[in-house]
Amino acid sequence: MFNMFFPSSRRRPLSWKVVVISALLILWGLFVYLRPPNADADVEGGCKILSLGHSDDIILQGTVLTPDGPISDGCIFIKSGSIARVGYTPIDCRLNQDATVIECKDSVISPGFINTHEHIEFSTVNPFRSTGELYKHRHDWRVGLRGSTAQPVAVNGSMEDAIKWGELRHIFSGTTSIVGGHMVKGLARNLDFVEGLGEGLGTIADTWAVFPLDDVEGIIRTGDCDYGPKAITHQGTEKLHRYIAHVAEGVDDAARNEFQCLSSATFDTVPLPGGGGLSTDIMSPNFVLVHALGLSEADFDLVAARKAMVVWSPRSNILLYGQTFDVTYLLRAGITVALGTDWLPSGSATMGREAACAFYATKSSFGQVLDSKTLWEMMTANAAKVAGFDHVLGSLEEGKLADIAVFSGKRLDDPYAAAVYGQGQNVELVMRGGKILLAGNGLRKMADSGCEDVMFGAARKIICLKEELGTSFSSFETALGGVYPAILPGIPRDEPSCEPR
């Protein structure tokens, strides 16, 4: 084998310049191979007003991303906060001659993203600085168990302000709904709070659980279910709309033990004297596992058979535990998988950055390519199903709410990639229930007194959130005093690593 590359020692030695150039070419090839499609999305394109109507109806024209595929010259007619028509040509949506018509040339029109895993109250802290230490279980880094280095995190300043700031960061990157454990009214939809659902979603919210086994103090078990006295039971979940819970966040037997205690009524039948201690079986279509990193393939087969679902947060998995699971196995098994950012300290600042990590980790760890449409579905339709709101959110279909994000960029050879990997400066329009929250400079004539100009890198945008914030964005930003930014460049500052180890 060696002589195949160096057949004769009498030949002239390779020049050091040749060696260096060859090495650089190899590194460039690896970069091109591993980077997500459309990673260098063009900022050109955008939306402009073709005609300004006097009614509240809006017609959007451009490449529409639908469940059946992209419509390259499509349209959406928005009336009373909902989608009244999706058409294949602009003329299909001319249902009201007094509607405002917006043309989004060289742009894609997508459902707003749905982030099904956030801890939104930590949105003003800085990301963890990696020490190189890897953990086996979340309680190792949470409370420093088993000789591990604890990484405690506290809310930075006012919790209400931190939540607002985090929701702004997500809105500015195309996310319109969040499952995040806390909420403020009026910004993103908060799918785990009835009062945060917003217009059109009814009165039934998701149930969010960080410690379903009542193990907040750092209880780790193997072989039994002797966790806290208030661990969840089948009776406690069977009538819930959705029970979205952290399970098996870790890579050891103690992490998998959590799944065993929640998927079998016979795994542990001996109760603790003070309550709890029994295993239960809550694997059902209304159960969503967050993380699920410690599950085996056989465990995922059970999840699939019971039609339970999974929220995947690969960046946080990789930073804390050095690995994530092969999501392609779950998809082949028929499990509905949604993407979630987790939180700012170890996860992604935006859904787009979580998607970039998902692509990279799957390719580098498992040699599998996640196409852009699959990732887009994890951020839209799958996420809506996971949260239990797919009847009104997650796709651009007639009768659904007009929660919409528009992304500009000339490279539309892969329209799904234009949405999935769109940077902040590429976000041309964000609507929640037909209300414009953010718009590109070309839509200035639609701005009212509640709107203000803000720079997203080199791109000027208009933010219309003064009523929701109770102040201007610029005043709010100044009052927070230099916390982790809500408006981000392509790769955010101090972003946690997505390099599997």
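The values are calculated or read from the model by the stated rules, or taken from the named source; none is laboratory data. Nothing here was measured: the structure is a model prediction, and the numbers come from that model. We place every Cβ from the backbone using ideal geometry, glycine too, and count neighbours over all the protein chains shown.
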Can you name every residue in segment 484-501 that is of a type in the set (A, V, I, L, M) and surrounded by 17 or more Cβ atoms within 10 Å (Cβ to Cβ)? A486, I487, L488
Of (1) over 30 Å from V194 (Cβ atoms); (2) not assigned by TED's automatic domain parsing to the domain that holds R242, K373 satisfies all except one. Which? (2)
So if I check each of G450, G409, G424, G434, which one is in contact with a Cys (Cβ under 6 Å, 6 or more places away or on another chain) and not acidic (D, E)? G450
Quick count over segment 309-324, residues being in a loop (DSSP other than H, G, I, E, B), buried (at least 23 other Cβ atoms within 10 Å of the Cβ) and either outside the structural domain of A356 (by TED's automatic domain parsing) or over 15 Å from the mean Cα position of the chain (by Cα) (or both), is 1
Has segment 219-236 got any residue that is assigned by TED's automatic domain parsing to the domain that holds L168, in contact (Cβ under 8 Å) with a residue 60 or more places away in the chain and touching a His at 6+ places or on another chain (Cβ under 9 Å)? yes
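For (1) under 22 Å from G352 (Cβ atoms); (2) out of contact with any strand residue (DSSP E or B) (no Cβ under 8 Å at 6 or more places or on another chain), each residue gets a yes or a no:
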residue	(1), (2)
L401	yes, no
I404	yes, no
L438	yes, no
R444	no, no
D448	no, yes
D453	no, no
L488	yes, yes
Determine, yes or no, whether T280 is farther than 27 Å from L320 by Cα, surrounded by 16 or more Cβ atoms within 10 Å (Cβ to Cβ) and either touching an Asp or Glu at 6+ places or on another chain (Cβ under 6 Å) or not acidic (D, E) (or both). yes
Over segment 435-449, the set of residues loosely packed, with under 14 Cβ neighbours inside 10 Å and touching a helix residue (DSSP H, G or I) at 6+ places or on another chain (Cβ under 9 Å) is S449
If you scan segment 55-108, which residues turn out to be charged (D, E, K, R) and not in a loop (DSSP other than H, G, I, E, B)? D73, K79, R85, D92, E103, K105, D106
Single match in E133, E118 (criterion: without any contact (Cβ under 8 Å) to a residue 24 or more places away in the chain and under 27 Å from F211 (Cα atoms)): E133
Looking at segment 284-296, is at least one residue surrounded by fewer than 22 Cβ atoms within 10 Å (Cβ to Cβ) and in a strand (DSSP E or B)? no
Any chance you could count how many residues in segment 227-250 are of a type outside the set (G, A, S), in contact with a Leu (Cβ under 6 Å, 6 or more places away or on another chain) and over 25 Å from S177 (Cα atoms)? 1
